[in-house]
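To start, the structure under review is shown below, and the notes come after it.
The values are calculated or read from the model by the stated rules, or taken from the named source; none is laboratory data. Predicted model, so just to flag it, every value in this text is computed and none were measured. Note: ideal-geometry Cβ built from the backbone for every residue, glycine included; neighbour counts use all protein chains shown. These area figures cover heavy atoms from the full protein model, side chains too; ligands, DNA and RNA do not enter into them. Shrake-Rupley method; radii C 1.70, N 1.55, O 1.52, S 1.80 Å.
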Amino acid sequence: MVEGLLTTLKFFASQGHLSQAFRKFSFIQRHALASASCDFIVDSLSCLLLSCTKCKLLPEGKQLHAQVITWGLQGNHALVPKLVSYYAAFNSHDAAHFVAANTNSQNPLQWNVLISSYVSRGHFEEAIIAYKQMCGKQIRPDNFTYPSVLKACAELSNLDFGKEVHMSINASSLNSNVFVQNALISMYGKCGDLETARSIFNRMLIKDEVSWNSMISEYASKGMWDEAIKIFESMQEAGVESNVVTWNTVAGGSLRAGNFKRALELVSQMRVARCYLDHVAVIIGLGACSHIRSLKLGKEIHGLAIRNSSVDYVNVKNALITLYSRCGDLTHAYIVFRLIEAKNVITWNSIISGFAQWDQSEEATFLFRELLLLDIKPNYVTLASILPLCARVANLKHGKELHCYIARRAEFQECLLLWNALIDTYARSGKVFVARRLFDLLDKRDAVSYTSMINGYGVQGDGKVALKLFEEMIKSQIKPDHIAMVAVLSACSHSGFINQGQLLFEKMQIVYGITPLLEHFSCMVDLYGRAGLLNKAKEIILRMPYKPTSELWATLIGACLIHGNKDIGEWAAEKLLELKPRHSGHCVLISNMYAAAGCWSKLVEVRSFMRDLGVRKDPGCAWVDIGAGFSPFLVEDTSNRQSDEIFLLLRGLTKQMKDVDHAAWVDSEAGEEIPLGNNYSK
């Protein structure tokens, strides 16, 4: 009869009909009193406590706890863990701890439940205290105790106590348990002792998927991508199956480490291994394609994203915008952008930086204005993307507006990236004194801050100040990078500082450990070319480990034209012609060089080449800011509807300028200096 009542009670409890279950428990209690047997009481209480825990019934559970005490079962090995679990479910850890501590049972189960609950709720100190109390009662921890307490040590970065736990494990029979060993690897890894973590991993006779993933994860979290990839490769060789998280971790690590081809190979291997490519894998693949400018492969991944519905994620669409933008396909980037209904600031940043990258200033500015009109708050990335455009198109008005916007917002005050961008904007626009004022106001400076100022002074021919800033950067223990070296070498070139330029070029590798790139050799060619040392410039080109570009040959030809060196100029012109340049300016340079050398037959050949390839010299272009935007003007341009009025006004302005220049010349003959006239002459 009692067995039937217990079965009915369990059925009602499993269906959530607890009122009926409690009614059956009353019948069981009466029978237990009559028979003086507690077996059915223990089973009933155990079942009901579990139901109260699942259904979050606090008062009913407390009543059951009272029944446990009434029946003298507070030390029962089956009920105590359930009581601990019950109180822990309500975050009543004091009550749970009290129940566990006030039992004489040597069973570690109730302590395991308590410690695990503390850890899952983030109470790591309390978990360690409970573990110490457990050990103080001479209760032996088991393979469920150690992983929980080791996790608490890891979260607190308490390596010292973690080592004590490790010693306890070594003294027990659990030193070869795979779950415990995995917990040790994770603990040592999170505490920064990767050497010990790797040693434990290497000594493990049996490794499961968690073992491999833990080691990969710990290396990845410290940015040690080479080691993480090696472990992953060993995992594959061992025939252990990897889940999508591991694949993504390693592929993402390759992407962050700059190994873009390796990242793509891993994404490809995921498909071969029939591992589901989630949206994270798609983003990694698109990111790698965008870095290596592989538009074709990126489109294939785009197709895959459409097939597996990953394209529904906004982050995937953002990655697609970045891919198409970097590959120069701004049309498709814009189409993807417009297809996104819920655009976030990253979406806007992706499309604005894409247009900015390709100097599409009007489109980028239009999008930035649209972003502001929609009350979307731009972040530092948005502003850092749009600021360089202000310098490139000589639109300092917008640069000043952005400067005011940045200065008025507290969240941007400590953002060095933005202040560096502002310094660079002013320096490139010729306002070096304003850039210097901002530079001097910075509490903290980095290589970018110094590089922007060095470049600004260098372009203006103030090489002494540029070199002084470079020396200040070195004294400040800021190591120059390859961009800083280009800036300072260019400054030497513009100021004619040959010896200083040579010395800095030599120091690059020896002192600063920077391998010279093509850009650095180009600076040296320009340095020697401007100084008329054309044989040295030629020598640099012949001994550098890079193939000269069209721009480099054009630099040398320009120098030869200025200094009248026809031999080297003709040689450089032939080399440039071999590259079949489509740049009209380069073709004009070659023509001028052959004309200066008197090589009329070759001059005809160059002009025939230009005609055959359809290369045309771009007409001179200027633009005027009329407030609502820029209006471009080409030479002999009659496309504007107001061209007649414009040309009439231009003729009047030209006459006035000629009159002013003539007056200035007459006055200068008389020994007087007229500032206005001199300014126009310049």
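Summing +1 for each Lys or Arg and -1 for each Asp or Glu, what net charge is found among the other residues whose Cβ lies under 14 Å from the Cβ of L50? Walk me through the numbers on the way to the answer.
Details: positive: K10, K54, K56, K82; negative: D43, E60.
Residues close to L50 contribute a combined charge of +2.
What 222 nm value per residue comes from the helices of the chain, counting each DSSP H run with n ≥ 4 as -39,500 (n - 2.57) and dividing by all residues, nearest 500 deg cm²/dmol?
Numbers: 38 runs with 495 residues, N = 682.
The helix contribution divided over the chain gives -23000 deg cm²/dmol.
Just to compare against my own numbers: the Cα pair-distance distribution for the range 95-227, 10 Å bins, whole % per bin, please.
13, 44, 31, 11, 2, 0
Per residue, how much accessible surface does the range 106-159 expose to a 1.4 Å probe? Answer in Å², no decimals. Spell out each step's value before the answer.
Numbers: 2490 Å² over 54 residues.
Solvent-accessible surface per residue comes out at 46 Å².
How big is the dipole moment of the chain about its Cα centre under a simple scheme where the beta carbon of each Lys and Arg is +1, that of each Asp and Glu is -1, and everything else is neutral? Debye, nearest 20, please.
Working: 70 positive and 66 negative charges, 232 e Å.
So the magnitude is around 1120 debye.
Taking the Cα atoms only, what angle lies between the long axis of helix 643-669 and the longest principal axis of the chain, rounded to 10 degrees?
The angle comes out near 60 degrees.
What does the charge add up to near V432, with Lys and Arg as +1, Asp and Glu as -1, over the other residues with Cβ less than 14 Å from its Cβ? Walk me through the intermediate numbers first.
Working: positive: R428, K431, R436, R437, K464, K468; negative: D424, D440, D462.
Taking every other residue near V432 into account, the sum is +3.
Can you give me the orientation-averaged projected area of the convex hull built on the Cα atoms of the range 373-466, in nm²? List each step's numbers first, then the result.
Numbers: hull surface 24.4 nm².
With every direction weighted equally, the projected area is 6.1 nm².
So what is the relative contact order of the chain, in percent, for Cα pairs below 8 Å that sit 6 or more residues apart?
Numbers: 818 pairs, mean separation 23.0, N = 682.
Result for the chain is 3 percent.
How big is the dipole moment of the range 373-479 about its Cα centre under a simple scheme where the beta carbon of each Lys and Arg is +1, that of each Asp and Glu is -1, and everything else is neutral? Debye, nearest 20, please.
Working: 16 positive and 11 negative charges, 47 e Å.
Dipole size: approximately 220 debye.
What is the extension gain from F90 to R651, computed as 0.36 nm multiplied by their sequence separation minus the C-alpha to C-alpha distance, in nm to one decimal?
Details: separation 561, 0.36 × 561 = 201.96 nm, distance 8.77 nm.
Here the segment from F90 to R651 would lengthen by 193.2 nm.
Taking every pair of distinct Cα atoms and averaging 1/r, then inverting, what Kirkwood hydrodynamic radius in Å comes out for the range 59-101?
Working: mean 1/r = 0.0982 Å⁻¹.
So the Kirkwood estimate lands at 10.2 Å.
Expressed as a whole percentage, what fraction of the accessible surface of the range 225-267 belongs to carbon and sulfur atoms when a 1.4 Å probe is rolled over the protein heavy atoms?
Values: 940 of 2030 Å².
Result for the range 225-267: 46 percent of the exposed heavy-atom area is carbon or sulfur.
Between A407, F439, F497, whose Cα lies farthest towards the positive end of the dipole of the range 393-514 when Lys and Arg beta carbons carry +1 and Asp and Glu beta carbons carry -1, centred on the Cα centre?
Final value for the positive-end residue is A407.
Multiply the residue gap between T638 and D481 by 0.36 nm, knock off their C-alpha separation, and tell me the result in nm, one decimal place. Walk me through the numbers on the way to the answer.
Numbers: separation 157, 0.36 × 157 = 56.52 nm, distance 4.82 nm.
So the chain would gain 51.7 nm between T638 and D481.
Per q in 0.13, 0.14, 0.15 Å⁻¹, report the Debye log10 I(q)/I(0) for the range 268-402, using one uniform scatterer on each alpha carbon and no solvent.
Rounded to two decimals, the profile gives -0.56, -0.63, -0.71.
Pop out the Kirkwood hydrodynamic radius of the range 259-309 from its pairwise C-alpha distances, inverse of mean 1/r, in Å to one decimal.
Working: mean 1/r = 0.0932 Å⁻¹.
One decimal place: 10.7 Å for the Kirkwood radius.
Classify the range 155-194 from the C-alpha gyration tensor, please: rounded if a/c falls under 1.5, else prolate or oblate depending on whether a/b exceeds b/c. Could the numbers behind the result be given before it?
On the way: a/c = 2.68, a/b = 1.51, b/c = 1.78.
Oblate, since a/c reaches 1.5 and b/c is not below a/b.
Take the Cβ-Cβ distance between A595 and A407 as r, set R0 to 60 Å, and report the resulting FRET efficiency rounded to the nearest 0.05. List each step's numbers first, then the result.
Details: r = 53 Å, r/R0 = 0.89.
Between A595 and A407 the formula returns 0.65.
Can you give the FRET efficiency to the nearest 0.05 for S120 and L156, using r as the Cβ-Cβ distance and R₀ = 22 Å?
On the way: r = 15 Å, r/R0 = 0.68.
Efficiency for this residue pair is about 0.90.
Extent of the chain along each principal axis, from alpha carbon coordinates, in Å, largest to smallest?
The Cα atoms of the chain stretch 132, 56, 51 Å along their principal axes.
Can you list the lysines whose alpha carbon is less than 28 Å from that of K566, not counting same-chain residues fewer than 8 positions off?
K536, K538, K547, K575, K580, K602, K617
Which value, in debye to the nearest 20, gives the size of the charge dipole of the range 10-168 about its Cα centre, when Lys and Arg are +1 and Asp and Glu are -1 at the Cβ? Display every interim value, and only then the final one.
Working: 14 positive and 10 negative charges, 105 e Å.
The dipole magnitude comes to about 500 debye.
Please give me the summed charge of the neighbours of E126: other residues whose Cβ is under 14 Å from its Cβ, Lys and Arg +1, Asp and Glu -1.
Numbers: positive: R121, K132, K151; negative: D94, E125, E155.
Summing Lys/Arg as +1 and Asp/Glu as -1 gives 0.
Using 0.36 nm per residue of separation minus the Cα-Cα distance, give me the extension gain between K507 and Q269 in nm, one decimal. Mind showing how you got there, number by number?
Working: separation 238, 0.36 × 238 = 85.68 nm, distance 4.42 nm.
Once the chain is fully extended between K507 and Q269, it gains 81.3 nm.
Please give every one of the aspartates and glutamates within straight-line cross-link reach of K479, meaning a C-alpha to C-alpha distance under 12 Å, and leave out same-chain neighbours fewer than 8 residues apart.
Correct list for K479: D446, E471.
Could you compute the FRET efficiency for Q29 and K54, with r as their C-beta to C-beta distance and R0 at 25 Å, rounded to 0.05? Provide the component values of the computation, followed by the final result.
Values: r = 22 Å, r/R0 = 0.90.
So, using R0 = 25 Å, E works out to roughly 0.65.
Which of S429, I514, A171 sits closest to the plus end of the dipole of the chain, meaning its Cα is farthest towards the positive end, when Lys and Arg get +1 and Asp and Glu get -1 on the C-beta?
A171
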